[in-house]
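Here's the structure we're looking at; comments come further down.
Nothing in this text is a laboratory measurement; each read-out follows from the coordinates by a stated rule. Nothing here was measured: the structure is a model prediction, and the numbers come from that model. Here the Cβ positions follow ideal geometry from the backbone for every residue, glycine too, while neighbour counts run over all protein chains shown.
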Amino acid sequence: MASANFKLVISSIYPLVAVLLLLLSGDPTTCAAQGSFRPHALVVPVTKDASTLQYVAKVNQRTPSVSLNVVLDLGGRFLWVDCDKDYVSSTYRPVRCRSAQCSLAGNNGCGNCTGAPKPGCNTDTCALFPENTITHTSTGGEVAQDALTLSSTDGSNSGPSATVPQFIFGCGPTFLLEGLASGTVGMAGLGRARIGLPSQLSAAFSFHKKFAICLSSSTRASGVAFFGDGPYNFLPNIEAAGFLRYTPLFINPVSTAGVSSQGEPSDEYFIGVKSIKVNDKTVPLNATLLTIDSRGNGGTKISTVNPYTVLETSIYKAVTEAFISEAAAGNISRVAGVAPFEVCFSSKNVFSTRLGPSVPQIDLVLQSQSVVWSITGSNSMVYVNDNVLCLGFVNGGVNPRTSIVIGGYQLEDLLLQFDLATSRLGFTFTLLGSRTTCANFNFTSTA
Ligand SMILES: *[C@@H]1O[C@H](CO)[C@@H](O)[C@H](O)[C@H]1NC(C)=O
Ligand SMILES: *[C@@H]1O[C@H](CO)[C@@H](O)[C@H](O)[C@H]1NC(C)=O
Ligand SMILES: *[C@@H]1O[C@H](CO)[C@@H](O)[C@H](O)[C@H]1NC(C)=O
Ligand SMILES: *[C@@H]1O[C@H](CO)[C@@H](O)[C@H](O)[C@H]1NC(C)=O
């Protein structure tokens, strides 16, 4: 697999580990941004796609600049786009084999594309493996560089745009888009990899290796991703960074990607859930499942490609049983499940509150009893029709790779800040409690 065959398709069934030859390792260098304008932070609109429930980011790439919709993948390794269709740019450069950029991309081998030279098909280029993490499909592709342009921000509005002239990304074929939201042309990986968006953007502009996401629960109004430090202001003048509480981020020692080298850690973001409470009562769980073992199994990660939180079967059963019993105590009656949900209730006796439907609160207890990620009705309940609402958690079966995958619905309308330098996650209580939402960033430009 070292000389990557660009036609090779790998449907990744975990844990598929490709042993890849390491070539020359040069000094990792980063591409400085052009000009003297040094933004303090950057801002990207993120919209929820109504039919796939994927979160779609809007970025500008190429020369002349084209606006692209790409699916946001929190744990993804890098930006990859379809280079086969409509890729026109005067600044496209394939990354040469044995170059410093190839080393930064992980030295996954080199490839020669046999077709006529064009974006995604050149000779003696550095290879990598773009992955569609929705369908778990990976394929070999060329590493490339092109201009990436994003809006700067002062934390309150969009500001002048800032360009990274030689942003490193991966080229994928058109078929890799299958399963992604309509109108999208790739995926934006916000993972820990050295060519992930957070690392490249912070290196290009010398800002803190931090980023934040605030996903909107509305499919009509955009949420936001910030690269760099706060403030993160939402209308009407609510500074959400002030509400952050912190918990350590953990590195899973074993890669969770479709194709990876042996011994390579995961690029995804794991946190340490120690216990779970429903209405302040601890749910009995098998604690072994909550830690990451030496083979990389277990633990809790955060994912934007799972629409709902996925719990290993025994955790799912324990949490839903506790929830059903607490709901019954509040005279909320259970009704038949509505796929993909098994646990649904009549909306009779469920009241609307500022924090969503009045249902039992689920708390993820982190490093201590006082550091708790609270999930209120706004993030736990999904209305499937006017009379029925379901607990928005799904059963992950026995022996899943990761025991708890906190999915998109549970992330909406809270601010999450990932600090790669100090390896900690900042998270807020639902912003609904502070009378704002993730759709309230004022994208009006002051440029
Ligand atoms: C690609 O082609 C170049 C030039 O023909 C050759 O030197 C190189 O070994 C080839 N690389 C691979 C991986 O086949
Ligand atoms: C707890 O989970 C671990 C890991 O799956 C398993 O090996 C062990 O048997 C479980 N313990 C109990 C009491 O079910
Ligand atoms: C539930 O219903 C019973 C019988 O109607 C009533 O006595 C009780 O107060 C109700 N409990 C709650 C929490 O509403
Ligand atoms: C959004 O920002 C612009 C530019 O600062 C400002 O003029 C406008 O009033 C803001 N919108 C709201 C609703 O405050």
Q: Hey, can you grab everything whose amide H is under 5 Å from the amide H of L249? Only 5+ residues off in sequence or another chain; H modelled, so Pro and N-termini drop out.
A: R424, L425
**Q.** Between helix 313-329 and the chain: long-axis angle, C-alpha atoms, 0 to 90°, nearest 10
**A.** 40
**Q.** Per-residue ³J(HN,Hα) for region 371-383, Karplus 6.51 cos²θ - 1.76 cosθ + 1.60, θ = phi - 60°, Hz, x for Gly and Pro
**A.** 10, 10, 9, 8, 10, 8, x, 4, 10, 9, 9, 10, 6
Q) For N379, what is the net charge nearby, where nearby means another residue's Cβ is under 11 Å from its Cβ and Lys, Arg count +1, Asp, Glu -1? A) -2
Q: In whole Hz, with x marking every Gly and Pro, tabulate ³J(HN,Hα) for region 177-190 from phi via Karplus 6.51 cos²θ - 1.76 cosθ + 1.60, θ = phi - 60°.
A: 6, 3, x, 8, 3, 4, x, 8, 10, x, 9, 9, x, 9
Q.
Quick check on the exposure proxy: order K48, K277 from fewest to most C-beta atoms within 10 angstrom.
A. K277, K48
Q: Rounding to the nearest 20 debye, state how big the charge dipole of the chain is about its Cα centre with +1 on each Lys and Arg Cβ and -1 on each Asp and Glu Cβ.
A: 280
Q. Gap in Å between the Cα centre of region 340-384 and the Cα centre of region 132-146?
A. 36
**Q.** Cα shape, region 121-230, gyration tensor, a/c 1.5 rule
**A.** oblate
(Q) Quick check: net charge around N442, other residues with Cβ under 15 Å of its Cβ, Lys/Arg +1 and Asp/Glu -1? (A) -2
(Q) Run the simple label-point estimate for K118 and S368 please: 7 Å along Cα→C-beta, distance reported in nm. (A) 6.0
Q. Roughly what would the spin-label model give for A287 and S314, points 7 Å off Cα along C-beta, in nm?
A. 1.4
**Q.** Residues I332, I324 arranged by fewest to most Cβ contacts within 10 Å
**A.** I324, I332
Q: Only helical DSSP H runs with n ≥ 4 go in: add -39500 (n - 2.57) per run for the chain, normalise by residue count and round the 222 nm mean residue ellipticity to 500 deg cm²/dmol.
A: -2000 deg cm²/dmol
(Q) For region 170-219 and region 271-325, what is the centre-to-centre distance using only Cα atoms, to the nearest Å? (A) 27
Q) In the chain, with Lys and Arg counted as +1 and Asp and Glu as -1 at Cβ, which of these residues, V224, S352, A318, has the Cα nearest the positive end of the dipole, that is, farthest along it? A) V224
Q | DSSP bridge pairs, the chain: antiparallel proportion in percent, nearest 5 | A | 85
Q) HN-Hα J couplings of region 261-273 from phi, Karplus 6.51/-1.76/1.60, θ = phi - 60°, integer Hz, Gly and Pro as x? A) 7, 5, x, 7, x, 6, 8, 7, 9, 10, 10, x, 7
Q | Partners for K274 among aspartates and glutamates (Cα-Cα distance below 12 Å; same-chain residues under 8 apart left out) | A | D363
Q | Counted charge near K210, where neighbours are those whose Cβ lies closer than 13 Å (Asp, Glu -1; Lys, Arg +1) | A | +1
**Q.** Extended-chain gain in nm, criterion 0.36 nm per residue less alpha-carbon gap, T63 and E239
**A.** 59.8 nm
Q) Rounded, prolate or oblate: which one fits the chain, using the alpha carbon gyration tensor with axes a ≥ b ≥ c (rounded when a/c is under 1.5, else prolate when a/b beats b/c, else oblate)? A) prolate
Q: Would you list which aspartates and glutamates come within 14 Å of K348, measuring only between C-alpha atoms, while excluding same-chain residues fewer than 8 positions from it?
A: D386
